[in-house]
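The structure under discussion appears below in the form of structure tokens.
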Amino acid sequence: MCRAVDLQRAVLAKNEAAAQILRTELTSRGTTVVNLLSSPGSGKTALLERELRLAGERGVAAAALTADLATENDARRLARSGAPVKQVLTDGLCHLEADMVARHLHDWLPESTRLLFVENVGNLVCPAGYDLGESLRVVLASVTEGEDKPLKYPTAFGLAQLVIVTKTDMADAAEFDETAFRAHVEQVNPGVEVVLSSVRDGRGAGVLLDRALAATEGNQVHTPVMARAGA
């Protein structure tokens, strides 16, 4: 057991070093990374497609790296926005790592890119522990997933710098308790912003883009208590 724990710590430490190098390199060229985490089916791809389209309309140079175990379906969907998009196939790996991201960006990411959105593998367990060189970490959950999602996945929600609730047009049908959800988020991550969003009815359109742009401009993002404790 001790050897397994030591190995995990070594893997995470190696990733942390790679993430810091990547963050420094991208920041020096004016690119800010936004890491998007959620369970499968949360509406992450639909929301990202909307935000990429809005970025284009506002003249913001944005690109997306999207990861999945198989298929390039999400890349094709995101490409409809007109933004540069690249698919990463993990061949069964349940998360992205910083060196994987760096390899896929090499000779691909346009020099003018101001925002790089990384759509992580649909999973709230494995990706939570891996820094990808991001300046903003966003966790999404749909109203159909239940109000106790933050309590079931405390690391993912506890390290989030922004939480987005998706598919709010279905909130009544799902009997979603917004007050309870917010309380559970606050329990694991005091002070983090919670945004309500629906691609179908337009609610929350542009909020993710605005928060990402604020990060590019050096505005302070939320620092989770869990992140401070691990520093």
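The values are calculated or read from the model by the stated rules, or taken from the named source; none is laboratory data. Nothing here was measured: the structure is a model prediction, and the numbers come from that model. Cβ sites come from the backbone with ideal geometry, for glycine too, and all protein chains shown count toward neighbours. These area figures cover heavy atoms from the full protein model, side chains too; ligands, DNA and RNA do not enter into them. Shrake-Rupley method; radii C 1.70, N 1.55, O 1.52, S 1.80 Å.
General observations
Okay, residues lined up against (1) closer than 20 Å to residue 157 by Cα; (2) small (Gly, Ala, Ser):
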{"site": "177", "(1), (2)": "yes, no"}
{"site": "184", "(1), (2)": "yes, no"}
{"site": "187", "(1), (2)": "yes, no"}
{"site": "196", "(1), (2)": "yes, no"}
{"site": "201", "(1), (2)": "no, no"}
{"site": "204", "(1), (2)": "yes, yes"}
{"site": "214", "(1), (2)": "no, yes"}
{"site": "221", "(1), (2)": "yes, no"}
{"site": "228", "(1), (2)": "yes, no"}
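A quick yes/no check of all residues on (1) of a type outside the set (Asp, Glu); (2) modelled with pLDDT of 95 or more; (3) farther than 19 Å from residue 44 by Cα; (4) in contact with a strand residue (DSSP E or B) (Cβ under 7 Å, 6 or more places away or on another chain):
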{"residue": "161", "(1), (2), (3), (4)": "yes, yes, no, yes"}
{"residue": "169", "(1), (2), (3), (4)": "no, yes, no, no"}
{"residue": "176", "(1), (2), (3), (4)": "yes, yes, no, no"}
{"residue": "179", "(1), (2), (3), (4)": "yes, yes, yes, no"}
{"residue": "183", "(1), (2), (3), (4)": "yes, yes, yes, no"}
{"residue": "188", "(1), (2), (3), (4)": "yes, yes, yes, no"}
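- If you go through region 97-120 and keep only what is part of a loop (DSSP other than H, G, I, E, B) and either out of contact with any strand residue (DSSP E or B) (no Cβ under 9 Å at 6 or more places or on another chain) or at pLDDT below 95 (or both), you end up with 97, 106, 107, 111, 112.
- Residue in region 168-182 that is touching a Gly at 6+ places or on another chain (Cβ under 6 Å) and either within 28 Å of residue 105 (Cα to Cα) or of a type outside the set (A, V, I, L, M) (or both) present: no
- In this entry, residue 53 passes the filter for residues that are of a type in the set (D, E, K, R), farther than 12 Å from residue 134 by Cα and surrounded by fewer than 24 Cβ atoms within 10 Å (Cβ to Cβ).
- All told, residue 83 falls short of being in a helix (DSSP H, G or I), among the small types (Gly, Ala, Ser) and open to solvent by less than 40 Å² (accessible area, probe 1.4 Å).
- When residue 200 is tested against (1) in a loop (DSSP other than H, G, I, E, B); (2) in contact with a strand residue (DSSP E or B) (Cβ under 6 Å, 6 or more places away or on another chain), exactly one condition is not met: (2).
- Scanning region 169-181 for residues that are farther than 13 Å from residue 147 by Cα and either touching a helix residue (DSSP H, G or I) at 6+ places or on another chain (Cβ under 7 Å) or of a type in the set (Lys, Arg) (or both) turns up just one, 170.
- Taken over region 165-199, the criterion of being charged (D, E, K, R) and more than 28 Å from residue 32 (Cβ to Cβ) is satisfied by 169, 172, 175, 177, 178.
- Residues within region 189-231 that are aliphatic (A, V, I, L, M), open to solvent by 30 Å² or more (accessible area, probe 1.4 Å) and within 19 Å of residue 151 (Cβ to Cβ), tallied: 4
- Scanning region 111-143 for residues being open to solvent by 20 Å² or more (accessible area, probe 1.4 Å), within 24 Å of residue 174 (Cβ to Cβ) and of a type outside the set (S, T, N, Q) gives a total of 2.
- Going through (1) touching a helix residue (DSSP H, G or I) at 6+ places or on another chain (Cβ under 7 Å); (2) within 23 Å of residue 208 (Cα to Cα); (3) part of a helix (DSSP H, G or I) one by one, residue 26 falls short only on (1).
- Subset tally (residues that are in contact with a helix residue (DSSP H, G or I) (Cβ under 6 Å, 6 or more places away or on another chain) and among the hydroxyl-bearing types (Ser, Thr, Tyr)) for region 198-225: 1
- Residue match in region 97-110 (condition: in contact with a helix residue (DSSP H, G or I) (Cβ under 9 Å, 6 or more places away or on another chain) and basic (Lys, Arg)): no
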